[in-house]
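The values are calculated or read from the model by the stated rules, or taken from the named source; none is laboratory data. Being a predicted model, the structure only gives us computed values, none of them experimental. Methodologically, a virtual Cβ is constructed for each residue, glycine included, from the backbone with ideal geometry; neighbour enumeration extends over all protein chains shown.
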Amino acid sequence: MPLYSDIDGDSGVHSYEFGPDWIVVNFTKGGSYRYDASRPGIAHVHAMISLAGAGNGLNAYINKNVRANYAEKLG
């Protein structure tokens, strides 16, 4: 699973992995969450994949736009 590069050094995201219609985000303080086309929807998933690749803004995006609207808590 790729580590989140966190350009600004202020993110709560540790690592992530993704496919065409899903992303799993692992947070530094524990917990892994799957977001997919069903929850919170494909537009959010694509935005999150883009931010993950850029290494900036993913944690803020999740806090502002999806919060607990995840498909599954993995751990």
**Study point:** Where a residue in the range 4-22 is touching a residue at least 40 places away in the same chain (Cβ under 8 Å) and its partner, wherever it lies, is among the polar types (S, T, N, Q), with Cβ under 6 Å and at least six apart
**Key:** TYR4/SER15; ILE7/ASN56; SER11/ASN59; GLY12/THR28; GLY12/ASN59; VAL13/ASN59
Revision key, fill the gap. Per the filter on the range 1-27, residues of a type in the set (S, T, N, Q), more than 18 Å from LYS64 (Cα to Cα) and at pLDDT below 95 are SER5
